[in-house]
1. Hey, which of these cross-link pairs are over 25 Å Cα-Cα: Lys76/Lys121; Lys65/Lys121; Lys65/Lys96?
2. According to a simple spin-label model (label point 7 Å from Cα along Cα-to-Cβ), what is the distance in nm between Arg74 and Asp135?
3. First measure r as the distance between the Cβ atoms of Glu111 and Asp59, then evaluate 1/(1 + (r/R0)^6) with R0 = 22 Å and state the FRET efficiency to the nearest 0.05.
4. Taking 0.36 nm per residue of separation and subtracting the Cα-Cα distance, what length does fully extending Ala89 through Met149 add?
5. Take Arg50 and Lys121, extend 7 Å from each Cα along the Cα→Cβ direction, and tell me the distance between the two endpoints in nm.
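Where a number appears in this text, it was derived from the coordinates with a stated rule and is not lab data. All values derive from a computational prediction rather than experimental measurement. Don't worry about glycine lacking a Cβ; one is built from the backbone with ideal geometry, like all the others, and counts go over all protein chains shown.
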Amino acid sequence: MKQRRLERAFRVALILIILLGACGCGDLSSSRTVREKESEPQQIAATSYRFDDIPIPPDMTLNRKDSFVYETGRIKTGLVVYETKGEMAQLTRFFKQKMPQYQWRLMSNFELNNAMLIFIKERMTAVIYILPREDDSKRVEIRVGPVEMKLVPAQ
């Protein structure tokens, strides 16, 4: 029970950090979501849901309905959701091995019934949740966003 509360608090804090970081990184009022861009003929929707520096196992299927990407001139942030039949250990091993090839460093790793992998690079963070489902499939949520770390002086 305590672990669930801690995990829930961590998720809320991480989402707040990502949102606050995105607000400080550009003019969000001029940004548009990927869903708005889909109507433009020159934009290819499938590539908009992809973070070029996040490797994805070939057997995963994009869940467009639950995915959301927000892009400004310099920053691309959002949540991209995939579904797969892969095994939990195999999926976590894939991300742990492949992410460093794209200069992501594993900062934290929590694995029990589900998995949460936290990577960081160049003022960006990537949080990968791997959640088992009732039908033995897995839901893989990849959250990417800016991070600005400020040390708070001791009181």
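1. Lys65/Lys121; Lys65/Lys96
2. Placing both labels 7 Å beyond Cα along the Cβ direction yields 4.4 nm.
3. The pair Glu111/Asp59 has a calculated efficiency of 0.60.
4. Taking Ala89 through Met149 to full extension adds about 18.5 nm, to one decimal.
5. Placing both labels 7 Å beyond Cα along the Cβ direction yields 1.6 nm.
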